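The values are calculated or read from the model by the stated rules, or taken from the named source; none is laboratory data. Bear in mind that the values here come from a model prediction, so they are computed numbers and not experimental data. Methodologically, a virtual Cβ is constructed for each residue, glycine included, from the backbone with ideal geometry; neighbour enumeration extends over all protein chains shown. Areas reflect the complete protein model, heavy atoms only, side chains present, ligands, DNA and RNA absent. Shrake-Rupley method; radii C 1.70, N 1.55, O 1.52, S 1.80 Å.
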Amino acid sequence: MAMERTYIMVKPDGVQRGIVGNIISRFEQKGYVMVAMKTRMATPELLDEHYCDLVEKPFFPKLREYLLSGPVVSMCWEGKEAVSTGRKMLGATNPLESAPGTIRGDFCIEVGRNICHGSDSVENANKELALWFEESELLDWESHSHDWLYE
Ligand code: DAT
Ligand code: MG
């Protein structure tokens with residue numbers, strides 16, 4: 001079974017608009033386990049590393065300003081195929097192309113205010129989790145529902 005950990009981050013608009021609880025609920029209800037969570041301010045250095053593939057893009061300065069505009073909530077969720085499923089739960093990058101029922105499809109309109117981040121591969125998830133969390137913050141524990149979720 002491909003048990004994975006993914007990095008999910010609620011961006012400043014999601015925090016300001018009070019959508020954090022809804023996003024947590026969706027991952028909990030799906031059956032994923034919360035391995036870590038914290039509220040913090042991002043920094044330019046963290047964002048340059050986190051979005052190292054995008055730093056040359058023309059929209060990057062605005063993206064950085066947006067992500068520095070208020071607290072973010074960093075989370076690690078664990079479970080079977082958590083990375084790819086987390087991306088499906090978030091919806092498409094452009095919220096107008098996100099299906100209703102996804103987080104972006106239900107709560108936002110513009111790509112520059114798309115309220116959440118989710119890792120796009122297991123490799124990037126590991127990189128992002130190491131960037132945003134100390135190793136000691138990532139907890140190993142098993143939900144009491146484990147055997148009711150997995151055959
Ligand atoms: P995702 O967040 O779905 O993984 P991404 O990694 O391609 O998408 O881009 C990271 C973020 O950058 C995205 O959530 C919003 C912003 N972004 C991406 N493409 C953009 C564009 N064309 N114009 C403005 N912002 C953009
Ligand atoms: Mg991405």
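Values for this structure:
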| item | result |
| --- | --- |
| Residues within the range 107-120 that are open to solvent by less than 90 Å² (accessible area, probe 1.4 Å), over 14 Å from Y51 (Cα atoms) and part of a loop (DSSP other than H, G, I, E, B), tallied | 3 |
| Extreme residue, farthest from K62 (Cα to Cα), among residues of the range 73-93 that are near ligand 1 (Cβ under 8 Å from one of its atoms) and out of contact with any strand residue (DSSP E or B) (no Cβ under 7 Å at 6 or more places or on another chain) | A92 |
| Any hit, the range 93-105, residues being free of Cβ contacts under 8 Å to residues at least 12 places away in the same chain, within 14 Å of ligand 2 (Cβ to nearest atom) and within 19 Å of P12 (Cα to Cα) | no |
| Residue satisfying all of: in the range 67-106; under 15 Å from the mean Cα position of the chain (by Cα) and of a type in the set (K, R); most open to solvent (accessible area, probe 1.4 Å) among these | K88 |
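Conditions tested, residue by residue: (1) free of Cβ contacts under 8 Å to residues at least 40 places away in the same chain; (2) closer than 25 Å to D140 by Cβ; (3) touching a Leu at 6+ places or on another chain (Cβ under 7 Å); (4) surrounded by 14 or more Cβ atoms within 10 Å (Cβ to Cβ).
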{"position": "V15", "(1), (2), (3), (4)": "no, no, no, yes"}
{"position": "I19", "(1), (2), (3), (4)": "no, no, no, yes"}
{"position": "I23", "(1), (2), (3), (4)": "no, yes, no, yes"}
{"position": "V33", "(1), (2), (3), (4)": "no, yes, no, yes"}
{"position": "A36", "(1), (2), (3), (4)": "no, yes, yes, yes"}
{"position": "T39", "(1), (2), (3), (4)": "yes, yes, no, no"}
{"position": "A42", "(1), (2), (3), (4)": "yes, no, yes, yes"}
{"position": "E45", "(1), (2), (3), (4)": "yes, no, no, no"}
{"position": "D48", "(1), (2), (3), (4)": "yes, no, no, no"}
